[in-house]
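Structure record follows, encoded as structure tokens.
The values are calculated or read from the model by the stated rules, or taken from the named source; none is laboratory data. None of these values were measured; they are calculated from a predicted model. Here the Cβ positions follow ideal geometry from the backbone for every residue, glycine too, while neighbour counts run over all protein chains shown. For the accessible areas, the whole protein counts, side chains as well, though only heavy atoms, and no ligand, DNA or RNA atoms are used. Shrake-Rupley method; radii C 1.70, N 1.55, O 1.52, S 1.80 Å.
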Amino acid sequence: MKKLTSVNDFVIKFANVNGSGSASANQMFAKAVFRMGIGVSAKNVFPSNIQGLPTWYEVRANEKGHLGRRGGVDIMVCVNPQSMKDDIKELVPGGYFIYDNTKPLDLRIQRQDVHEIGLPLTRMCLQQYSDPRQRQLFKNVIYIGALAALLDIDFGVLKDLVTEQFRGKEKLIAPNIHALEMGHQYAHDNFDCPLGVRVKRSDSVGDSVFMDGNAACALGAIYAGATVAAWYPLTPSTSVVDNFSKYASRLRIDPGTGEKAFAIVQAEDELSAIGVTIGANWNGARAFTATSGPGISLMSEFLGLAYFAEIPTVLIDVQRTGPSTGMPTRTQQSDVLCCAYASHGDTKQVLLFPSTPHDCFTMTADAFDLADRLQTPVIIMSDLDLGMNDWMSKPLQWDDKREYDRGKVLNAEQLDAAQSFGRYADIDDDGICFRTYPGTHPTKGSFFTRGTSRDENAVYTENGELYAENMRRLLKKWETTKQYVPAPELYQDKNNYEVGIIFFGTSAQPSLEAMELLAEQGITVDAMRITAFPFTTAVETFIKAHQQLFVIEQNRDAQMRTLLMAECGITPNVLASVLNFDGMPITANYITAQIKQQLSISNVTPIRSETAQETRI
């Protein structure tokens, strides 16, 4: 039988029962690989119930730094009989199926093209522990110890991780290390270690960090000067505000009095949460809220108010599978259109699309400056995959000399010097008006903030001409916005090829890998990562330079493609779709297969690179 062999390049998947304590053990494995200097990404696939249903944890190790899902599994660690029948099917031929062989494996699910490795986990725990909860928890730690032997992971790294994890709870350190040793010793005594798939110390990660996007967003808000977070808990966004609260409790404390210099407001619903956020920003604070798709639906009315009344607002949308409740613990990029045009009437909202924790940090920090500068809502379009999973990322950096951009805010001296003040007067002809904070001046600079139509002095009016003039000014501000949002990322020196791919958010990593896979097969494409809406001229230039483009996104209805057609005037036949909407992150293999299939159907012959041609020969 073929034996799979590779060094520092594999996919391992853990199949467990939700609520069994497996998450911390599986995360320890991912961190151990990362600490050995190997690029790693982890995907935690868990049900929306509290306990009992199947859960999976997929880890990809790749020395080249590919962070997206590849497709296929090389090693399956299955300790959940419920899902075993389907789990074994995911293995690639020659892969390794590691299971609890306390009971014999069902012959009906066996495969002749994979290697079986049985660990008597239940029997070992029954012999070693009398407490039922310990038997459940330490079973997970034992198989991590066995994997250390099977994959040649430095055992000292695991010991260090256990010591760090239980710092302050020293009584738990020795039992966990003992469980690791039990698994490690059993594997050494019963199998040829290491397997064909193994790890080897490397220095490919450099100074990278290993963290999730929600924590990075929270840090971005901290460094941007946010002092107010209003929210209603909603998976998968909850940990954004949880982390903000944790960081603020350390970094937002008055050194003289010890009092908190921040506010966390848990509102009764999402509409109230964004109402608090808008009110705090109107009053001069930097405030934000975090939610997911169902919350966006409820917040849309107030997003329209913030757009029309021109109040800075920062919203972090950690997208999940919809519509309605959908699958709350699965990922998607399905809020693109509802956020871009959030609220009724003619509205356009600024969107930022992070693809890594580093992006989450920088884009969240930048969102506060953009919101203040543009006096409008800014929505960070994260998703569950990025928000709740650990990613290898560039280290987070902050320039201590950076000054916040509060935009066109008049102080008392400026009001005294001005001949007049009109809240919605376009003095600079860029669509952005001057504003004041409440209480700035005893007699000047006050205005009535309203969601109804008004003139440039904020006085209510139903004059159609004045209304249309205001709406045209808002459109002028939209054009000005293009000067401030981040430019798209292009992955070529110039547009060399007829075919291009477009992607955004967490589709970036598997899309970039798919580019390499296509090149290996003689198909070379240009690529662009969209980072923001509104689209800049660079986006339109890229599209117009190509005969055929593939828009890669994780939703059913090709929402980014629709947005590109609507905003850039692109004809539908130019933009083809590569869509994934099953709730799992899109894979490089899937993207590659879809593009090859559609190219063959459309009879488009891409220019082939010399390198690729030489490789085929």
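Dimensions of the range 394-507 along the principal axes, based on C-alpha atoms and rounded to the nearest Å, stand at 60, 43, 24, largest first.
Given Cα pairs under 8 Å that are at least 6 residues apart, what percent is the relative contact order of the chain? That works out to 12 percent. Judged by the ratio a/c of the largest to the smallest principal axis of the C-alpha gyration tensor, the range 79-119 counts as prolate, that ratio being 1.5 or greater while a/b is larger than b/c. What's the angle, to the nearest 10 degrees (0 to 90), between helix 357-374's Cα axis and the longest principal axis of the chain? Here the helix axis deviates by roughly 10 degrees. Of the solvent-accessible surface of the chain, computed with a 1.4 Å probe over protein heavy atoms with every protein chain present, carbon and sulfur atoms account for 50 percent.
What you get for the range 417-498, charging only the Cβ of Lys and Arg (+1) and of Asp and Glu (-1), is a dipole of about 420 debye around the Cα centre.
Projected onto their three principal axes, the Cα atoms of the range 516-588 cover extents of 31, 30, 23 Å, largest first. In order along the range 566-579, the Karplus-derived 3J(HN,Hα) couplings, from 6.51 cos²θ - 1.76 cosθ + 1.60 at θ = phi - 60°, round to 5, 8, 10, x, 8, 6, x, 5, 6, 9, 9, 10, 10, 10 Hz, and Gly and Pro are given as x. With a Förster radius of 41 Å applied to the beta-carbon distance between residue 191 and residue 253, the computed FRET efficiency rounds to 0.20. Projecting the Cα positions of 589, 573, 225 onto the charge dipole of the chain (unit charges on Cβ atoms of Lys, Arg, Asp and Glu, taken about the Cα centre) puts 589 furthest along the positive direction. Of the residues 497, 340, 550, the one whose Cα sits farthest towards the positive end of the charge dipole of the chain is 550 (charges of +1 on Lys and Arg Cβ, -1 on Asp and Glu Cβ, taken about the Cα centre). When the charge dipole of the range 444-536 is built from unit charges on Cβ atoms (+1 for Lys and Arg, -1 for Asp and Glu) and taken about the Cα centre, the candidate among 531, 470, 460 whose Cα reaches farthest toward its positive end is 460. Cα axis of helix 508-520 to longest principal axis of the chain: angle in degrees, 0 to 90, nearest 10? For 508-520 against the chain, the angle is about 60 degrees. Mean sequence separation of contacting Cα pairs (under 8 Å, at least six apart), scaled by the length of the range 1-52, corresponds to a relative contact order of 43 percent. Each Lys and Arg contributes +1 and each Asp and Glu -1, all at the Cβ; summed about the Cα centre of the chain, the dipole is approximately 1400 debye. Among beta bridges from DSSP that stay inside the chain, the antiparallel ones total about 35%. Shape analysis of the chain yields a ratio of the Cα radius of gyration to the Kirkwood radius, Rg/Rh, of 1.02. Residues with beta-carbon under 10 Å from that of residue 253, excluding residue 253: net charge, scoring Lys, Arg +1 and Asp, Glu -1? For residues surrounding residue 253, the net value is +1.
Taking the chain as the reference, fit the longest principal axis to its C-alpha atoms, fit the long axis of helix 155-165 to the helix C-alpha atoms, and give the angle between the two in degrees, 0 to 90, nearest 10. That helix lies at roughly 40 degrees to the long axis. Near residue 20: Cβ cut-off under 13 Å, other residues only, Lys/Arg at +1 and Asp/Glu at -1. The net charge is +2. Based on C-alpha pairs under 8 angstrom that are at least 6 apart in sequence, the range 422-517 has a relative contact order of 22 percent. In this structure the chain gives 42 Å² per residue of accessible area when probed at 1.4 Å with all protein chains present. Within the shell defined by Cβ-Cβ distances under 13 Å, the residues around residue 89 carry a net charge of 0, with Lys and Arg each +1 and Asp and Glu each -1.
Expressed to the nearest 5 percent, the antiparallel share of DSSP beta bridges inside the range 1-144 is 50 percent. Exposed loop sites here mean GluC sites (Glu not before Pro) with a DSSP loop assignment and at most 13 other beta-carbon atoms within 10 Å; the chain contains its longest site-free run at 1-258.
Here the range 34-73 is assigned +1 on the Cβ of each Lys and Arg and -1 on the Cβ of each Asp and Glu. Its dipole about the Cα centre then comes out at about 120 debye. Would you mind classifying the range 323-460 by shape? Square roots of the alpha carbon gyration tensor eigenvalues, ordered a ≥ b ≥ c; an a/c under 1.5 is rounded, otherwise it is prolate if a/b is larger than b/c and oblate if not. It comes out oblate by the Cα gyration axes.
Report summary: the helix-based calculation at 222 nm, which adds -39500 (n - 2.57) for every DSSP H run with n ≥ 4 and divides by the residues of the chain, gives -12000 deg cm²/dmol.
Which of rounded, prolate or oblate describes the range 102-192 when judged by the alpha-carbon gyration tensor and an a/c cut-off of 1.5? In terms of gyration-tensor shape, oblate.
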